[in-house]
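Here the structure is laid out as structure tokens; the discussion comes afterwards.
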């Protein structure tokens, strides 16, 4: 097992895929807290095993619509909440897979959860002293941290 990659390395790994597919690139966040307003909806995926890792993608409503539109090849006004959830899950799944490979983790990925409850999102933000990346082209925060995050599950 290898350590969690530095922010610059994770940004390069993720952007290598997202720039081509979606026209979105990521860079390390410069401000703390990095994403106070990017909490309309979050997708979280856990890499469970001897070295647990949590990966999340948070965005505001316009950012979610732009991501889904890019992923589904449509205009933002044609995006519905199901498409948003699918797009968030897909990008967080891809990121978790990249992290799993980069860190040489032989562990299972869980199914991504969508969280949109403000109390749960605040609890998640409180727990993760995370490596945070910000999308350059859209309001989106991608984060990863060692350990499994917990929150009260409320269906999105």
- Message: Going by what's in this entry, would residue 117 be described as more than 24 Å from residue 8 (Cα to Cα) and surrounded by fewer than 20 Cβ atoms within 10 Å (Cβ to Cβ)?
- Response: yes
- Among residues of the stretch 3-38, those that are touching a strand residue (DSSP E or B) at 6+ places or on another chain (Cβ under 7 Å), more than 19 Å from residue 97 (Cβ to Cβ) and modelled with pLDDT of 90 or more, counted: 3
- Item | the stretch 87-99 - residue that is crowded, with 19+ Cβ neighbours inside 10 Å and in contact with a strand residue (DSSP E or B) (Cβ under 8 Å, 6 or more places away or on another chain) and, of those, nearest to residue 24 (Cα to Cα) | 91
- How many residues are in contact (Cβ under 8 Å) with a residue 24 or more places away in the chain, out of contact with any strand residue (DSSP E or B) (no Cβ under 9 Å at 6 or more places or on another chain) and surrounded by 15 or more Cβ atoms within 10 Å (Cβ to Cβ) if we restrict to the stretch 56-86? 2
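The values are calculated or read from the model by the stated rules, or taken from the named source; none is laboratory data. Worth saying up front: this structure is predicted, and the values here are computed from it rather than measured. Cβ coordinates were reconstructed from backbone atoms using ideal geometry, including for glycine residues, and neighbour counts include every protein chain displayed.
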